[in-house]
Structure formats: C-alpha cells, structure tokens
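*Asks:* Got a structure here, written out as structure tokens. Questions coming.
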Amino acid sequence: MLSLKQQLAALPLLVLVTAAGAALAPRSAAADGALAIGVAPKGAQDGFVYAFNDRRASVREAEEDALRSCRTSKHGNEAARKLCRVVATFQGECVAIAMDPKNGTPGVGWAIGPSLKTAEDRALAQCEVTAGPDRSGFCKIDKSKCDQR
C-alpha cells in the first residue's frame, strides 16, 4: 500500500495519463447535413425545389441523400428537379428556406447560419432581393431547422 506522500506524488502523473487518454479516445462523429436546390433554367418563377437533411453519418451521405430527395420531391416541377445540386453542407448549424408563396414569382432564398434566427434572416434577405420591389414584402420562411448533434 502506498503512503499518503507517495499517493500525492503520483497524482500529477495520474492526471496526465487521464488527460492523455481522454484526448486520444475516439470521439463520436458529428452529424452532417446538406442542402440541395433546383432552379428552373429561366429562374425560380418557372420552378424551384429544395431538400435538406441533417444527422447523417458523413458529408457524402448527407449530399447524396439531399440530392436524391431534391430530385424526387413532389414539389417544384421537372425542370427544377433536373437541375438539383448540393449548394451547401453543414455541421451543427441551421438551415432556412424563404419563398414568396405566390406561384410564378421569382422570390426565393436559402441560407446556412450559426443560429436559426441568423439562417432565417439571411434566407429572407436573399428572397427579398430576388423577389423584386413589388413582391419583397411577401417573402416568408417556408422551412427551417437546426442540425442536432
């Protein structure tokens, strides 16, 4: 049995070994997400579709899933679905989509941000710019979500 003096002398070594073990221990992988967007050739007024996900095991899985969901969405039209592409990946962030709800209007916006408010504000700002002065006030958030790790 070690004396109290020996135990106290060994304490710094124990702390060092514990810290090193914690640093080298495998960490759980952070969740990945992706956003895919499809805009018809003549613009969003002719077709717009989107899909996003989170909590995927890898960036590649997130991208493939978002792209597949965008291309098979029941929303939008075929012209937009054919042009779906991944526009962003994210981890531990928020995503937002803003749209002018009136059919045939060009107002759309999307954004990734560190908070839901930031993502929504950025998406709305982008929508207002693309909607033009007559429709900018009609933009609203269609969908938003934060990645859960």
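What follows draws every value from the coordinates through simple rules; no lab data is involved. Worth saying up front: this structure is predicted, and the values here are computed from it rather than measured. Please note: Cβ atoms are built from the backbone with ideal geometry, for glycine as well, and neighbour counts cover all protein chains shown.
*Asks:* Anything in the range 121-142 that is in a loop (DSSP other than H, G, I, E, B) and either hydrophobic (A, V, I, L, M, F, W, C) or in contact with a strand residue (DSSP E or B) (Cβ under 9 Å, 6 or more places away or on another chain) (or both)? List them, or say none.
*Replies:* Across the range 121-142, the qualifying residue is only C139.
*Asks:* A further question follows. Search the range 126-143 for residues being of a type in the set (A, V, I, L, M, F, W, C) and touching a Pro at 6+ places or on another chain (Cβ under 9 Å), and hand back the single one that is nearest to A44 (Cα to Cα).
*Replies:* A131
*Asks:* Working only within the range 118-130, note down all residues that are more than 18 Å from A88 (Cα to Cα) and surrounded by fewer than 18 Cβ atoms within 10 Å (Cβ to Cβ).
*Replies:* Result: V129, single match.
*Asks:* Condition first: buried (at least 17 other Cβ atoms within 10 Å of the Cβ), touching a residue at least 40 places away in the same chain (Cβ under 8 Å) and within 13 Å of K102 (Cβ to Cβ). Now tell me which residues in the range 131-149 satisfy that.
*Replies:* Once the filter is applied, which keeps residues that are buried (at least 17 other Cβ atoms within 10 Å of the Cβ), touching a residue at least 40 places away in the same chain (Cβ under 8 Å) and within 13 Å of K102 (Cβ to Cβ), the range 131-149 yields C139, D142.
*Asks:* For the range 73-120, how many residues meet the condition of being out of contact with any Cys (no Cβ under 7 Å at 6 or more places or on another chain), closer than 21 Å to F138 by Cβ and in a helix (DSSP H, G or I)?
*Replies:* So the count comes out to 3.
*Asks:* Can D65 be described as buried (at least 16 other Cβ atoms within 10 Å of the Cβ), among the charged types (D, E, K, R) and in a helix (DSSP H, G or I)?
*Replies:* yes
*Asks:* OK, next. Can you tell me which residues in the range 96-149 are under 14 Å from the mean Cα position of the chain (by Cα) and among the polar types (S, T, N, Q)?
*Replies:* Correct list: S115, T118, S144, Q148.
*Asks:* Which members of the range 52-62 meet the condition of being surrounded by fewer than 24 Cβ atoms within 10 Å (Cβ to Cβ) and in contact with a helix residue (DSSP H, G or I) (Cβ under 7 Å, 6 or more places away or on another chain)?
*Replies:* Correct list: N53, R56.
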